[in-house]
Amino acid sequence: MVSIDSALQGAALWFVAGTLVLLLTGRAAVVGRAARLAMALAVGVVLAGLARLIGLDAVAEVEVGILVILVCLAGPARWWAGGAIFWGGLVASTGVYLIYLVRATYLLGATPESALLGAVLLALELGATVLILASAFEMVDALCSPDDVPPRPAPPARWPVVCLQVATYNEPPDLVIETIRSLVAIDYPALRIQVIDNNTTEEKRWRPLEAECARLRKAHHLIEFVHLPSWPGFKSGALNWGRVHLDPDVEIVGVIDADFIVDPGFLRATVSYFTDPKAAFVQTPQDYRAWEESSYYRACYVGFAYFFKVGMVSRAHRDAIIFAGTMGLIRRSVLDEIGGWDEEIITEDADASLRILARGYHSIYVPTAFGRGIMPLTYEGLRKQRFRWAFGGIQILRRHWRKLLPWSRRSRLTAGQRYDYLIGSLWWFNDALTFGFTLFIFGAGLGLVAGRPFVVQRLSAIGMVIPLAFIVLNLLRYLWATRAVSGSGVGLALGALRVNLSLSWVIFLACARGLTQEHGVFLRTSKFRGRPAVGELRLVAIETILATTGVVLAVAVIAVAGYTVVGLVLAALLGWSVLIYGSATGYALGDPSRTPLSEVLIEKARLEIGLGLGHALEARPIRMSIAVAALGLAILLGAGVAAESGQPPVQGAGPLVGEPIQGPLHGAKKSIATSPAAPHVPPGQIRTPKH
């Protein structure tokens, strides 16, 4: 019978081989299950020979290979062979690794204390595994299958009346006027435009918009302007006001952000899809401008592109896209049927999408960009935006989770739609898992340095190395996908990764607030005012503390443990945590040096981060951040290091890492049991923008 360590080695080889197949042939249109079987068998023969050559168990390689082939063949028929083989290798390797982790946690002499902590770690590992598989499935589904662009229907005999709504709040007037002028230039015979300014207090910001709309009306354009001096509901409240005041003959409503320039052919290319009476909304990708001037903006641009070129493409296969808040059209009767936009949900667009699909309507994704807006111009603005998206995602989960369960009869959602919306909401918890793993890794480092080993999972040498291998392989997969959708180089793809990693703590904070608070909140931020002083680090105080702690622990671990397997693996995992949280510090310090070139964009940047939008946090985020971090670390160390300290390696458990420690700053030898190793945590997978 094949041992678990042999099976794990075999699974790891298959994952490596599958990743190589993806990198080399993932975009090659090799179709059919027969082709998949032939390629998988060829890979299996090579791996069995390699296993014999390097002294591994060839039988284990074959047994794991059978599982890989079964998973590969079971993948959707539209997948090309390279993607299907990668998927099979990933599923097989994660399955074997989870079995190994259960054994290492519970079947090797665990004490009650370690069993309790082991259950926590195992739950984190299971959650990470689910999200990794979901992310990989989405990538293969989008990039390793044919383009599934819906054919454009013939133009209707009568073009329906469309009203494009622009909700604006305290924007630079010149920027909004540019948007308005692009809208009146759209080539469409039945176009109305609503410009709704809500809650802007300075007349100098809304009076020019009023004057421009009046000028355009004199030029015979059907455009309306309204200023709502005090109106609840933020953007959704403004859009609801506009919906109620639409002309009776308006059949389709479009939402355009106040900084987008829209192509003249937008409506003729999209409105014809509404000839299907069950088509409720049509969405096109968000694209951006003014991003070429700095490496930071370029990295952000690549990151934003991933969602619309991977996430939305995959979701479209299951009719599960979201209405993304701009550059989309929605049938007015359907919008009225669901009662308009929910003003309690700060990502009202994604919420409306779910409610519409739950009534049995369809959506259309047209993967061609027809408009370009402005990305967040500062790192503070980006953090605020991501906080809002994450908070809104948790609001949607709290509001609709019963509809998303497979057995629920509360909606007409299909299985694929339930899956996409459930995973889309759960994905925000990835950063909570990241923080949980960070605490365990810190606990392991502190225990090793203090000479009181923190033993939760008794891992063999291969078991400790596998997490690092999975991190590296998932990083390669992400870089491959990013380059495939953007055509960017490795450096820019890594920059996009770092930008998204840097937002980990603020997303975790948003999830914590979303679980405990009903109404929307926004991060409080400071003014845009040139190069920062060291005091500006308060924006990323917790990330800076976590990164600094990781650096200190990594150095101490190497000093004590030397270049042993335990020392190197633990130092590498600490280094990964430093990359995650230290990236926030780096971007916060470098942020104002990336001043936009245009005066109007400088004004937008100041307005973007200098205003208190929505409900201000009653407790400043930094206070909650410190409390959460301190409480988590205290619980972990108190219940873990104290209970688990000094346990010897477990006998009869295979090649456990219990080797003597001889660090460069530690002359005496001592035996140390294994430290808990984090699972294959996804390398900051990009999911932007979701809402």
Q) Looking at region 24-47, which of its residues are closer than 12 Å to Cys144 by Cβ, touching a Leu at 6+ places or on another chain (Cβ under 8 Å) and part of a helix (DSSP H, G or I)? A) Arg36
(Q) Here is a check on your reading of the model: is Ile345 of a type outside the set (Gly, Ala, Ser), out of contact with any Phe, Trp or Tyr (no Cβ under 9 Å at 6 or more places or on another chain), without any contact (Cβ under 8 Å) to a residue 24 or more places away in the chain and under 26 Å from Ala238 (Cβ atoms)? (A) no
Q. Just checking, which of Ala134, Ala128, Ala115, Ala123 is free of Cβ contacts under 8 Å to residues at least 12 places away in the same chain and within 19 Å of Leu422 (Cβ to Cβ)?
A. Ala123
Q: Hey, can you tell me all the residues within region 472-504 that are crowded, with 19+ Cβ neighbours inside 10 Å, among the β-branched types (Val, Ile, Thr) and within 19 Å of Thr434 (Cα to Cα)?
A: Val499
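Could you go through region 408-421 and let me know if any residue there is within 22 Å of Ile507 (Cα to Cα) and touching a Leu at 6+ places or on another chain (Cβ under 7 Å). Lay out the reasoning, then the answer.
First pass over region 408-421, keeping only residues within 22 Å of Ile507 (Cα to Cα): 419-421.
Subsequent filtering for residues that are touching a Leu at 6+ places or on another chain (Cβ under 7 Å) retains 421.
So far as region 408-421 goes, yes, one or more of its residues are within 22 Å of Ile507 (Cα to Cα) and touching a Leu at 6+ places or on another chain (Cβ under 7 Å).
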Q | Hey, Pro151 within 30 Å of His245 (Cα to Cα) and either more than 28 Å from the chain's Cα centre (by Cα) or at pLDDT below 95 (or both) or not | A | no
Q. For region 438-494, how many residues are touching a Gly at 6+ places or on another chain (Cβ under 8 Å) and without any contact (Cβ under 8 Å) to a residue 24 or more places away in the chain?
A. 1
Q | Qualifying positions in region 56-86 - touching a Phe, Trp or Tyr at 6+ places or on another chain (Cβ under 7 Å) and either surrounded by 24 or more Cβ atoms within 10 Å (Cβ to Cβ) or farther than 24 Å from Ser3 by Cα (or both) | A | Val64, Gly65, Val68, Cys72, Gly75
Q: Select, from Asp197, Asp174, Asp141, the only residue that is closer than 30 Å to Val30 by Cα and either at pLDDT below 95 or not hydroxyl-bearing (Ser, Thr, Tyr) (or both).
A: Asp141
Q) In region 544-592, what residues are crowded, with 24+ Cβ neighbours inside 10 Å, in contact with a strand residue (DSSP E or B) (Cβ under 8 Å, 6 or more places away or on another chain) and β-branched (Val, Ile, Thr)? A) Val566
Q) Can you find even one residue in region 200-220 that is modelled with pLDDT under 95, under 22 Å from Leu601 (Cα atoms), part of a loop (DSSP other than H, G, I, E, B) and not acidic (Asp, Glu)? A) yes
Q: Answer with yes or no whether Arg103 is of a type in the set (Lys, Arg) and at pLDDT 90 or above.
A: no
Q) Going through region 348-370 one residue at a time, which ones are within 19 Å of the chain's Cα centre (by Cα) and free of Cβ contacts under 8 Å to residues at least 60 places away in the same chain? A) Asp351
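Starting from residues that are in contact (Cβ under 8 Å) with a residue 24 or more places away in the chain and among the β-branched types (Val, Ile, Thr), keep the ones in region 67-101 and report whichever is farthest from Asp147 (Cα to Cα).
Step by step, filter region 67-101, then rank; the result is Ile99.
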Q: Specify the residue that is modelled with the highest pLDDT; the eligible residues are those in region 593-616 that are assigned to a loop (DSSP other than H, G, I, E, B) and surrounded by 19 or more Cβ atoms within 10 Å (Cβ to Cβ).
A: Pro596
Q. Which of the residues belonging to region 223-246 are in contact with a helix residue (DSSP H, G or I) (Cβ under 9 Å, 6 or more places away or on another chain), within 15 Å of Leu164 (Cα to Cα) and without any contact (Cβ under 8 Å) to a residue 60 or more places away in the chain?
A. Ile223, Glu224, Phe225, Val226
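Can Ser145 be described as polar (S, T, N, Q), under 31 Å from the mean Cα position of the chain (by Cα), within 25 Å of Tyr478 (Cβ to Cβ) and buried (at least 23 other Cβ atoms within 10 Å of the Cβ)?
Here the answer is no, as Ser145 does not meet what is asked.
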Q: For residues that are in a strand (DSSP E or B) and at pLDDT 95 or above, scanning just region 228-257, find the one that is surrounded by the most Cβ atoms within 10 Å (Cβ to Cβ).
A: Gly254
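Look at Ser411 and say whether it is crowded, with 20+ Cβ neighbours inside 10 Å and closer than 30 Å to Arg331 by Cβ.
On the way: crowded, with 20+ Cβ neighbours inside 10 Å: no; closer than 30 Å to Arg331 by Cβ: yes.
Here the answer is no, as Ser411 does not meet what is asked.
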**Q.** Qualifying position, being crowded, with 20+ Cβ neighbours inside 10 Å and either touching a strand residue (DSSP E or B) at 6+ places or on another chain (Cβ under 8 Å) or not in a loop (DSSP other than H, G, I, E, B) (or both), among Val102, Val96
**A.** Val96
(Q) Whether any residue in region 478-501 is farther than 30 Å from Gly89 by Cα and of a type outside the set (Ser, Thr, Tyr) is what I want to check. (A) no
Q | Selection count, region 48-64, where residues are touching a residue at least 24 places away in the same chain (Cβ under 8 Å) and not in a helix (DSSP H, G or I) | A | 2
Q) How many of the residues in region 361-384 are surrounded by 23 or more Cβ atoms within 10 Å (Cβ to Cβ), in a loop (DSSP other than H, G, I, E, B) and either at positive phi or at pLDDT 95 or above (or both)? A) 0
Q: Name the single residue, out of those in region 210-234 being aliphatic (A, V, I, L, M) and touching a strand residue (DSSP E or B) at 6+ places or on another chain (Cβ under 6 Å), that is farthest from Pro172 (Cα to Cα).
A: Leu222
Q.
Looking at region 487-517 only, could you name the residues that are of a type in the set (S, T, N, Q), closer than 15 Å to Arg298 by Cβ and not in a helix (DSSP H, G or I)?
A. Ser488
Q: Within region 371-384, identify whether any single residue is in contact with a helix residue (DSSP H, G or I) (Cβ under 6 Å, 6 or more places away or on another chain), in contact (Cβ under 8 Å) with a residue 12 or more places away in the chain and either basic (Lys, Arg) or under 13 Å from Gly325 (Cα atoms) (or both), and answer yes or no.
A: yes
**Q.** Matching entry among Phe370, Phe323 (being within 26 Å of Ser135 (Cα to Cα) and aromatic (Phe, Trp, Tyr))
**A.** Phe323
(Q) Of the residues Ala269, Ala320, Ala358, Ala279, only one is surrounded by 22 or more Cβ atoms within 10 Å (Cβ to Cβ), at negative phi and of a type outside the set (Lys, Arg); which? (A) Ala320
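The values are calculated or read from the model by the stated rules, or taken from the named source; none is laboratory data. Here the structure is a predicted model, which is why all the values come from computation and not from measurement. Please note: Cβ atoms are built from the backbone with ideal geometry, for glycine as well, and neighbour counts cover all protein chains shown.
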